Structures are given as structure tokens and as C-alpha cells.
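Everything below concerns the one structure shown next.
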Amino acid sequence: MNSKNEISNAVALFATGLLAGTFFYVRFNIMPSFWEVPIDVHLRFRVVLMKYNDFVFKVLMVASIISSVWFAWRIRSLKYVFILTGFAVILATITFLISYFGSMPISAQIKTWLQTSPPKNGVAILKTWDFFHTCRTATAMGSFILILVATFFKKELLKQMQN
């Protein structure tokens, strides 16, 4: 296995792991904190957090997809590793799609609430955002786990090929 394969593997592990970890932290630390404070504090903090997270999350999602595709292409001769990595690409892509069509439109709507006020169904809208975030956390973690498993099997298959 050449160094380009190792580099693509390391980058895919790093990108998918960082994305999964970031979403995990938001899901299990920040989201519960939102519901422990008054709604005006919740909304102000959420909007400020979105401002800083927006670019980072998008970059991490795209990096996860691209690095996983690169890794899959580099190890395409190892059938089972390629299949695992292919599923990781699919999950990373689903993570992006959930964000683009689910979380991001709701986030844009929430930003307007600071100038006006939350609608009567505001809590339901926030809970819908939470649902989408939980879904994308699961798909991002799944993508990372599949890259991790693919890395393990890649090393095992290469050991067997050398013997």
C-alpha cells in the first residue's frame, strides 16, 4: 500500500471523525443546554452559535464527502473495503442533504425571530431542528465508524496479501 493510500485513509478518518465529534458534542451537550435556559437566551445563543458554526459545519461535511470518495477510489481494488467506504460516502452525503434541506432552512427561519418574535409553533420548529440534527449526527457517526472499520479491514487484508 503506497503513501497516497495511507494519506487518503488518514484524511478520511480525520474529516469524518471531526464531523461526527462536532455533531455529537452539539447533540449531547449544547442542545440540552438550550432547553435549560429561557427562550430569549436560547434563541440569542442559537443564532450566535449558528453564525460561527455555519462555515465550519459546511467545510467539515464537504471534507468528509471528498476525503471518503478519495479513500474509496484509492482502495477500490480491495472489494470489501471499497464497499464499506462507499457506504461511508453515502452516509456523509446524507448528512449534507439533511443539513441542506432540513436544518439550514429552519436555521434561516430562526434567525428572523430575533427581529420579530417566535411564532406560536416556535417550540415545535426548534424540536424539528433538533430532530434533523439528531439524524445528521447519526449519519455522520455512521460514516466515521464505516471509515474506521474499513481502515481495520484494509490493514488485515494487506497483512494477508503479504503472507
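Observations
- Number of residues in the range 106-125 that are surrounded by 13 or more Cβ atoms within 10 Å (Cβ to Cβ) and either basic (Lys, Arg) or at pLDDT 95 or above (or both) equals 3.
- Residues in the range 146-161 that are open to solvent by 60 Å² or more (accessible area, probe 1.4 Å) and in contact (Cβ under 8 Å) with a residue 24 or more places away in the chain: Leu148, Phe153.
- Being closer than 18 Å to Leu97 by Cα, open to solvent by 70 Å² or more (accessible area, probe 1.4 Å) and assigned to a helix (DSSP H, G or I) is a property that Phe14 lacks.
- Residue match in the range 47-64 (condition: under 23 Å from Gly122 (Cβ atoms), at pLDDT below 95 and among the acidic types (Asp, Glu)): yes
- For the range 17-58, the candidate set comprises residues that are buried (at least 16 other Cβ atoms within 10 Å of the Cβ) and of a type in the set (Lys, Arg); within that set, the residue that is nearest to Ile147 (Cα to Cα) is Arg27.
- The residue that is modelled with the highest pLDDT, counting only those in the range 65-97 that are surrounded by fewer than 22 Cβ atoms within 10 Å (Cβ to Cβ) and hydroxyl-bearing (Ser, Thr, Tyr), is Thr93.
The values are calculated or read from the model by the stated rules, or taken from the named source; none is laboratory data. For clarity, every value in this text was computed on a predicted model and none was experimentally measured. As a convention, Cβ positions derive from the backbone with ideal geometry for all residues, glycine included, and neighbour counts pool all protein chains shown. Areas reflect the complete protein model, heavy atoms only, side chains present, ligands, DNA and RNA absent. Shrake-Rupley method; radii C 1.70, N 1.55, O 1.52, S 1.80 Å.
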